[in-house]
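To start, the structure itself, in structure tokens.
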């Protein structure tokens, strides 16, 4: 008898966690953080998780079935380096959310940077672009098994955080991209550059865990934010990025990014 299948729609898929990575016994061990440091204005992204939840609740959800859930959701590809991680990220986030974006009418998709045909000298690990081949979000991936890449470990240490986000922030500056992120697949920090009170700043989100499924907020406890999934966060980013164009940040890069 074939295994039973349950129908998963776009809303359920968005609220769910991503599959756990299967990391091989042998893998890369060196830190891949670049020797750069972000020294510009830095602020926490105010009410990020509540904004993600609000966007999720305000979606007019398609009733179409996204997939039939079965054991195929379990990871069977063993990883050993960042190239493998990029493949699993695009499978679990890019492919799944790409279908969700189509169902929900969000005109954006995950892509490889080279698909832009840009002459930019750098190569971000992953991007999100509009249907007009315009860059919307730029992302950087780091292997989660390397200790120096643990985003939650240095989230409250501003010096380490500034080092970690320097590379995606530099991409955001160079490419005039308002939104970005750094992710290990297991953990993600979302970034935004915006003009506040006469200066350009970088906002950063809480660390969002890939293993987290959505738990709605309690109306009786306004101080406690909801638990949101990483896919909910990417849907939120897609919604706001799809309607924003390039930023015109005139800040000299040397005032934001320094090399060690």
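Miscellaneous remarks
- For the range 217-249, the tally of residues that are at pLDDT below 95 and touching a helix residue (DSSP H, G or I) at 6+ places or on another chain (Cβ under 7 Å) stands at 2.
- Taking the conditions (1) crowded, with 17+ Cβ neighbours inside 10 Å; (2) closer than 28 Å to residue 124 by Cβ; (3) modelled with pLDDT under 95; (4) over 18 Å from the mean Cα position of the chain (by Cα) in turn, residue 40 satisfies each one other than (3).
- Residues in the range 137-153 that are in a loop (DSSP other than H, G, I, E, B) and touching a helix residue (DSSP H, G or I) at 6+ places or on another chain (Cβ under 9 Å) were compared, and the one that is nearest to residue 255 (Cα to Cα) is 142.
- Failed condition for residue 7, given (1) surrounded by fewer than 12 Cβ atoms within 10 Å (Cβ to Cβ); (2) under 30 Å from residue 122 (Cβ atoms); (3) modelled with pLDDT under 95: (2)
Yes or no, residue by residue, for (1) surrounded by 18 or more Cβ atoms within 10 Å (Cβ to Cβ); (2) modelled with pLDDT of 95 or more; (3) under 28 Å from residue 166 (Cα atoms):
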| site | (1), (2), (3) |
| --- | --- |
| 66 | yes, no, no |
| 75 | no, no, no |
| 97 | yes, yes, yes |
| 105 | no, yes, no |
| 111 | yes, yes, yes |
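- Looking across 46, 62, one residue alone is touching a strand residue (DSSP E or B) at 6+ places or on another chain (Cβ under 8 Å), at pLDDT 65 or above, surrounded by 11 or more Cβ atoms within 10 Å (Cβ to Cβ) and assigned to a loop (DSSP other than H, G, I, E, B). It is 62.
- Filter result for residue 115 (more than 16 Å from residue 88 (Cα to Cα), in contact with a strand residue (DSSP E or B) (Cβ under 8 Å, 6 or more places away or on another chain) and surrounded by fewer than 18 Cβ atoms within 10 Å (Cβ to Cβ)): yes
The values are calculated or read from the model by the stated rules, or taken from the named source; none is laboratory data. Keep in mind that what you see is a predicted model, and the values were worked out from it rather than measured. All Cβ positions, glycine included, derive from the backbone under ideal geometry; neighbour counts span all protein chains shown.
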